[in-house]
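Trainee: This is the structure I have questions about; it appears just below.
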Amino acid sequence: MTKTDYNKNLNLIMSSSKDSFIYIWENNVNDVLKYQLIGHNDVVTSCKFLSDNLIASSSYDQTVKFYKY
């Protein structure tokens, strides 16, 4: 895990990872994995909820990605 962000409106936790994925978890008793986002080819260095359905991320692969979910 490299960075995390929290969306209080949807009660979701997001983490960027060294395995090139972004993980989004439901923040509840069981912490259920809701999404695993792909798109980067190297370590994801940062992730941020921009709104309730838009995410931005950056990576060592020198790209910035935007995801709608």
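The values are calculated or read from the model by the stated rules, or taken from the named source; none is laboratory data. Computed from a predicted model, the values in this text were never measured in an experiment. Methodologically, a virtual Cβ is constructed for each residue, glycine included, from the backbone with ideal geometry; neighbour enumeration extends over all protein chains shown. We work out accessible area using only protein heavy atoms, side chains counted, and drop any ligands, DNA or RNA first. Shrake-Rupley method; radii C 1.70, N 1.55, O 1.52, S 1.80 Å.
Trainee: Within region 29-36, is there a residue that is within 23 Å of T63 (Cβ to Cβ) and not charged (D, E, K, R)?
Mentor: yes
Trainee: Take K18 and tell me if it is basic (K, R), modelled with pLDDT of 95 or more and either under 8 Å from the mean Cα position of the chain (by Cα) or assigned to a strand (DSSP E or B) (or both).
Mentor: Against the criterion (basic (K, R), modelled with pLDDT of 95 or more and either under 8 Å from the mean Cα position of the chain (by Cα) or assigned to a strand (DSSP E or B) (or both)), K18 does not qualify.
Trainee: Looking at L10, L33, L37, L50, which is the one that is out of contact with any Cys (no Cβ under 7 Å at 6 or more places or on another chain), open to solvent by less than 60 Å² (accessible area, probe 1.4 Å) and under 15 Å from Y69 (Cα atoms)?
Mentor: From the options L10, L33, L37, L50, the qualifying one is L37.
Trainee: When Y35 is evaluated against the numbered criteria (1) part of a strand (DSSP E or B); (2) modelled with pLDDT of 95 or more, which criterion, by number, is the only one it fails?
Mentor: Evaluating Y35 over (1) part of a strand (DSSP E or B); (2) modelled with pLDDT of 95 or more leaves (2) as the failure.
Trainee: Which residue is farthest from T63 (Cα to Cα), if the candidates are limited to region 1-15 and must be aliphatic (A, V, I, L, M) and not in a loop (DSSP other than H, G, I, E, B)?
Mentor: Result: L12.
Trainee: What number of residues in region 16-30 are under 19 Å from K68 (Cβ atoms) and open to solvent by less than 80 Å² (accessible area, probe 1.4 Å)?
Mentor: Of the residues in that region, 6 qualify.
Trainee: Also, I was wondering about something else. Mind counting the residues in region 37-69 that are in contact with a Ser or Thr (Cβ under 6 Å, 6 or more places away or on another chain), within 17 Å of M1 (Cβ to Cβ) and among the β-branched types (V, I, T)?
Mentor: 2
Trainee: Right, next: Restricting to region 31-59, give me the number of residues that are more than 11 Å from S15 (Cα to Cα) and among the polar types (S, T, N, Q).
Mentor: Count: 5.
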